[in-house]
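Notes for the one structure printed next.
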């Protein structure tokens, strides 16, 4: 009888592991300039991925990581942006406006 209860307990544990795995949301990851892992989600109801602006160790705007609908991390570099002091006000949000410092 003990073996039967042990088998039932083992089956319940396996079922719990399978259910918790199925309920967990997939996420994107990004390794920032300070060597920390950042987790980002894609929000299907909003059809938008969370983003993270990497300001680096010195507080300088470097990159932005975005979680895509396929749960791949898309990284945009500040150096790839065409932001100047003249057109900076056209950009909403932190990135890419943080890529340029103006007087």
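Considering only residues in region 42-83 that are in contact with a strand residue (DSSP E or B) (Cβ under 6 Å, 6 or more places away or on another chain) and assigned to a loop (DSSP other than H, G, I, E, B), the one that is nearest to residue 101 (Cα to Cα) turns out to be 62.
Under the condition of being in a loop (DSSP other than H, G, I, E, B), modelled with pLDDT of 90 or more and in contact with a helix residue (DSSP H, G or I) (Cβ under 6 Å, 6 or more places away or on another chain), the residues counted in region 84-99 number 0. The residues listed here are 41, 48; of these, the one that is surrounded by 11 or more Cβ atoms within 10 Å (Cβ to Cβ) and touching a residue at least 12 places away in the same chain (Cβ under 8 Å) is 41. The criterion of being outside any strand (DSSP E or B), modelled with pLDDT under 95 and loosely packed, with under 10 Cβ neighbours inside 10 Å does not hold for residue 14. Residues in region 63-83 that are modelled with pLDDT of 95 or more and surrounded by 16 or more Cβ atoms within 10 Å (Cβ to Cβ): 63, 64, 65, 66, 67, 73, 76. Do the conditions hold for residue 33, that is, is it surrounded by 13 or more Cβ atoms within 10 Å (Cβ to Cβ), at pLDDT 90 or above and not in a strand (DSSP E or B)? The answer is yes for residue 33.
The values are calculated or read from the model by the stated rules, or taken from the named source; none is laboratory data. Values in this document were obtained by computation on a predicted structure and should not be read as measured data. Positions of Cβ are backbone-derived with ideal geometry, glycine not excepted, and every protein chain shown enters the neighbour counts.
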